[in-house]
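Worksheet: one structure, shown below.
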Amino acid sequence: MNKHILSKAFFGKDNCLRVYLNTKKECFFEFGFPRGGGKNWSWKAVKFSDVELGELIAILEGVKDSTSFFHSYNGGKTQIWVRKNKESFFIRLKDLSKGLNIGEQVVLRELLSHIIIISNSYF
């Protein structure tokens, strides 16, 4: 069974960004939105490499303002756009987007740094 060994959800009023690392050392971002009156959620998963996570950290630290990625996974193709201004960080794919405030950005940066270390470790 493939379990999550690190996981964090950033919930908003009508969306959610989940970041997790599984036991295969694969990092995924999942974008969720409520459907059916908010009782159920639909999710779109995107797998990220350690180098892509490094680019996200560079944006979170203000080294760059934006980036984009094109992914092909399990037969699906997805483009992801990421940008940051002074106070907000936004990640978007198609019609799904999530903004993070300053505190959430710090948590995400630390989590991504930890994920990079674990995904490149021998345990």
Could you tell me which of the residues GLU61, GLU52 is surrounded by 14 or more Cβ atoms within 10 Å (Cβ to Cβ) and either under 11 Å from the mean Cα position of the chain (by Cα) or of a type in the set (D, E, K, R) (or both)?
GLU52
Go through the range 70-121 and report how many residues are among the hydroxyl-bearing types (Ser, Thr, Tyr) and farther than 20 Å from SER49 by Cβ.
2
The range 7-49, residues that are more than 10 Å from the chain's Cα centre (by Cα) and among the small types (Gly, Ala, Ser)
SER7, GLY12, GLY32, GLY36, GLY37, GLY38, SER42, SER49
The strands (runs of 3 or more DSSP E) lying entirely within the range 1-84 that contain at least 2 residues which are touching a Lys or Arg at 6+ places or on another chain (Cβ under 6 Å) are 16-22, 27-35, 66-73
Can you name the condition, by its number, that SER66 falls short on among (1) touching a Phe, Trp or Tyr at 6+ places or on another chain (Cβ under 6 Å); (2) surrounded by fewer than 14 Cβ atoms within 10 Å (Cβ to Cβ)?
(1)
Taking the criterion of being touching a residue at least 12 places away in the same chain (Cβ under 8 Å), in a strand (DSSP E or B) and small (Gly, Ala, Ser), would at least one residue in the range 106-120 satisfy it?
no
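Here, each number is a calculation from the coordinates, and none is a lab measurement. Computed from a prediction, not measured in an experiment: that's the story for all the values here. Backbone-built Cβ (ideal geometry, glycine too); neighbour counts: all protein chains shown.
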